[in-house]
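Reading through the structure tokens given below for one structure.
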Ligand SMILES: [Zn+2]
């Protein structure tokens, strides 16, 4: 079925001739998963007819083997995945807290509100504190990658983490005047989250180059830039909410869009505030979904670091024809 079998394949140790050699490691067919071990390197999958050289080409990762090795790939892989999970958990906690603290939704008057705000704040802070463990585990390793971007990334990450912890602690109180929820103090932990993600980006770009699926997947790969833009929009929403809550009610009805006011629990709130709230919530949802994708991406990177694919030379038996 596949006539364009090439005789030579490029691995991390240079070109390898396939003629006269056999596959000597477990190699699932890239189409049907059949184990091709024992078959000649220049043959077809007996189940689906795909050429074995194509399956070989999709299993090896010469680019990864050409990158400078990390000091402790296991530790770096684990640390990155733990950071990803902590980030997701912290973001969910803060989002849940914002829901509880929005008087407009009505949860804030329930008896559980105080406990919920305490628990979600504590969880967000705890994630930030536990985050120091993987940060310390990362410290020496990405720096071996040849330049100092790794070390700079870790420093940025740590600064962001500190601002996040302080910001979460400061903003964890009810604001009796706020009708729509967020307070300007939220900008502090958003700033921390932004700096943290910027540092994480520098590390993930370097370390992630060692995962073939991370390098090449264009659909499921989460760009950290998009998360940073999402955080900017959340901050914009927070600012608009505050402006909206402080606009005095216009005398005789305003015709300017978003400045006309609504009365909420006896207080007037400008439409601008509602616009801000909508922007913030859409951005929060997008960031949460993005963070789920980021966790999957970091799991790929971890598995590539912990079980790197064999080199082409290791897959092939010695040339019998020599
Ligand atoms: Zn097959």
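What follows is calculated from the coordinates using simple rules that are stated; it is not laboratory data. Worth saying up front: this structure is predicted, and the values here are computed from it rather than measured. Cβ sites come from the backbone with ideal geometry, for glycine too, and all protein chains shown count toward neighbours.
Summary table
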item: Burial ordering of 61, 186, fewest other beta-carbon atoms within 10 Å first; result: 61, 186
item: Extended-chain gain in nm, criterion 0.36 nm per residue less alpha-carbon gap, residue 43 and residue 13; result: 8.6 nm
item: For 98, 47, order by how many other beta-carbon atoms lie within 10 Å, fewest first; result: 47, 98
item: Label-reachable residues, the stretch 61-104, where backbone N falls under 13 Å from a point 7 Å from residue 119's Cα toward its Cβ; result: 93, 96-97, 100
item: Relative exposure of 214, 274, judged by other C-beta atoms within 10 Å (fewest first); result: 274, 214
item: Cα centroid separation - the stretch 277-322 against the stretch 3-37, whole Å; result: 23 Å
item: Pairs of Cα atoms farther than 27 Å apart, the stretch 1-140, %; result: 55 percent
item: Per-residue [θ]222 nm for the chain (sum of -39500 (n - 2.57) over DSSP H runs n ≥ 4, rounded to 500); result: -18500 deg cm²/dmol
item: Relative contact order %, the chain, counting alpha carbon pairs below 8 Å whose residues are six or more apart; result: 22 percent
item: For the stretch 213-247 versus the stretch 59-75, the gap between their alpha-carbon centres in whole angstrom; result: 32 Å
item: Measure of compaction for the chain (Cα Rg per 2.2 N^0.38 Å); result: 1.34
item: Extent along principal axes [Cα atoms of the stretch 8-59; Å; largest to smallest]; result: 29, 20, 17
